[in-house]
Amino acid sequence: MELVAIIDVKQYTEIMAKATTINLKEEEQQIMKSLVGKGTTAHRLVERARIVLEAAAGKTTTEIAQSLQKRQATVSKWRTRFA
């Protein structure tokens, strides 16, 4: 016999949605900001820097995905890769 635990969606999200925490040093933060501010930086690098900066500011993956109009999977991938 198999034991199945039933939990509600909120509990599941709290358990499963632990996003990777990003703590930027001052120098790293300045580099990310300079990438975003330059007009000559490749678009993909700018997007990645924005994801990292917003994650470091404490935003959730969902909030970042909505504000940058990206998929949550994309945000999660770059959070994890940077950390």
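Put in line by how crowded their Cβ is, counting other Cβ atoms within 10 Å and starting with the fewest, Lys59, Lys33 read Lys33, Lys59. With bins 5 Å wide beginning at 0, the percent of Cα pairs of the stretch 9-82 falling in each bin runs 3, 17, 26, 24, 17, 6, 4, 2, 1. For the stretch 29-44, 3J(HN,Hα) computed residue by residue from phi via the Karplus equation (6.51, -1.76, 1.60; θ = phi - 60°) reads 5, 5, 5, 4, 5, 5, 4, 5, x, 6, x, 9, 6, 4, 3, 5 Hz, glycine and proline entered as x.
Can you give the FRET efficiency to the nearest 0.05 for His43 and Ala73, using r as the Cβ-Cβ distance and R₀ = 25 Å? Walk me through the numbers on the way to the answer.
Details: r = 19 Å, r/R0 = 0.75.
With a Förster radius of 25 Å, E is 0.85.
Bear in mind that the values in this text are calculations on the coordinates, not laboratory data. Since the structure is predicted, the reported quantities are computational estimates derived from the model, not experimental observations. Note that we place each Cβ from the backbone using ideal geometry, even for glycine, and neighbour counts take in every protein chain shown.
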